[in-house]
Amino acid sequence: MIRAENLRYVYKSSSGDKVALDDINFSIDDGEFVAIIGTNGSGKSTLAKQFNALLIPTDGKIFIDGLDTSDEKNLWHVREKVGMVFQNPDSEIVAAIVEDDVAFGLENLGIEPDKIRERVDLALDSVNMSDYKKFAPSKLSGGQKQRIAIAGVIAMNTKIIVFDEPTAMLDPMGRREILSLVKKLHTQGKTIIYITHFMEEATAAQRVFVMEGGRIILDETPREIFTNVKEMRRLGFDAPVAVELAERLRKKFKLPPKILTADELAEALK
Ligand code: ADP
Ligand code: MG
């Protein structure tokens with residue numbers, strides 16, 4: 001379980017302080033899939049970095065399974081529990097060969113070579129990249145690189161995975177692959193925190209946090225959030241395509257309320 005209590009984060013610099021997170025409170029159960037959306041600069045990445053103690057709250061606390069991230073002696077325990085996947089796969093890849101890259105985190109833990117190979121093979125298999133294990137990462141597409149980065153996290157076997165806009169630099173095909181991988185990890189029992197600016201992706205979550213100005217202003221199901229088209233527009237988001245379409249079709253047809261997905265819309269139109 002993850003719990004944030006009155007969490008606040010301030011970037012301090014000579015040109016002045018910037019409050020990036022303010023009065024953040026939530027708890028996330030084991031195995032939940034939470035999406036986080038919000039306009040640029042709303043604090044999503046700053047929040048992402050609190051989960052594995054890359055940043056420590058200026059005030060308030062965040063607990064990972066009861067471990068206070070601001071307590072230095074918890075640092076490695078926290079990082080054993082929380083894996084991170086970032087936006088730019090190029091900046092995450094550290095080795096010249098795919099399998100070495102996936103093994104990197106494990107080698108740092110001092111695990112035996114045989115065990116490492118086993119875990120790397122399993123991780124590559126689960127992201128469908130086994131055929132590429134001897135490849136140079138530089139030869140791979142953006143989506144493939146991102147799957148390698150995810151394999152690195154899978155190999156570490158963390159119970160929580162935080163994704164910070166992992167599909168932002170990918171083409172639609174690469175995006176779909178990453179999202180289906182994220183869904184698979186969720187069904188395998190991982191706790192997923194998934195930051196995205198694609199509303200369609202956020203509809204896959206069980207719960208959505210909407211951030212604005214460093215605060216979580218909404219914390220509800222995707223259906224509650226995305227079918228409130230007026231509120232979405234006010235906040236500067238496009239509603240998911242199926243929601244927009246249902247909204248327009250309602251002018252001509254009688255449709256049930258709160259249609260969220262294309263499948264639901266198709267069913268309603270029958
Ligand atoms: P998001 O990921 O939602 O776009 P960020 O968490 O990156 O938002 O940024 C939140 C706010 O903090 C923004 O106003 C941003 O300009 C500011 N910020 C982010 N990183 C730094 C930094 N290293 N130093 C100072 N301000 C920062
Ligand atoms: Mg960001």
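Comparison of M173, M199 shows that the only residue that is modelled with pLDDT under 95, crowded, with 21+ Cβ neighbours inside 10 Å and either within 16 Å of ligand 2 (Cβ to nearest atom) or not charged (D, E, K, R) (or both) is M199.
This table checks each residue for (1) buried (at least 21 other Cβ atoms within 10 Å of the Cβ); (2) in contact with an Asp or Glu (Cβ under 9 Å, 6 or more places away or on another chain); (3) touching a residue at least 40 places away in the same chain (Cβ under 8 Å).
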residue: N108; (1), (2), (3): no, no, no
residue: R117; (1), (2), (3): no, yes, no
residue: A149; (1), (2), (3): yes, yes, yes
residue: G152; (1), (2), (3): yes, yes, yes
residue: T158; (1), (2), (3): no, yes, yes
residue: P166; (1), (2), (3): yes, no, yes
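In this structure, is S70 loosely packed, with under 15 Cβ neighbours inside 10 Å and in the same structural domain as T203 (by TED's automatic domain parsing)? No; evaluated as a whole, the condition is false for this residue. Scanning region 11-27 for residues that are within 16 Å of ligand 2 (Cβ to nearest atom) and either open to solvent by less than 30 Å² (accessible area, probe 1.4 Å) or within 21 Å of the chain's Cα centre (by Cα) (or both) yields a total of 3. Do we have any residue at all in region 35-48 that's modelled with pLDDT of 95 or more and more than 16 Å from ligand 2 (Cβ to nearest atom)? Scanning region 35-48, I find no residue that is modelled with pLDDT of 95 or more and more than 16 Å from ligand 2 (Cβ to nearest atom), so the answer is no. With respect to being outside any helix (DSSP H, G or I) and of a type in the set (D, E, K, R), K145 falls outside the description. Can you pull out every residue in region 28-62 that is at positive phi, open to solvent by 20 Å² or more (accessible area, probe 1.4 Å) and outside any loop (DSSP other than H, G, I, E, B)? Residue satisfying the conditions is G60 alone.
Rundown of residues vs (1) within 16 Å of ligand 1 (Cβ to nearest atom); (2) under 23 Å from R207 (Cα atoms); (3) out of contact with any strand residue (DSSP E or B) (no Cβ under 9 Å at 6 or more places or on another chain), yes/no style:
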{"position": "G31", "(1), (2), (3)": "no, yes, no"}
{"position": "V34", "(1), (2), (3)": "yes, yes, no"}
{"position": "D71", "(1), (2), (3)": "no, no, yes"}
{"position": "D101", "(1), (2), (3)": "no, no, yes"}
{"position": "S126", "(1), (2), (3)": "no, no, yes"}
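Residue count for region 173-217 satisfying the condition of being in contact (Cβ under 8 Å) with a residue 40 or more places away in the chain, polar (S, T, N, Q) and away from ligand 1 (no atom under 16 Å from the Cβ): 3.
The values are calculated or read from the model by the stated rules, or taken from the named source; none is laboratory data. These numbers were taken from a predicted model, which means no experiment stands behind them. Note that we place each Cβ from the backbone using ideal geometry, even for glycine, and neighbour counts take in every protein chain shown. In case anyone asks, the SASA skips ligands and DNA or RNA and just uses the protein heavy atoms, side chains included. Shrake-Rupley method; radii C 1.70, N 1.55, O 1.52, S 1.80 Å.
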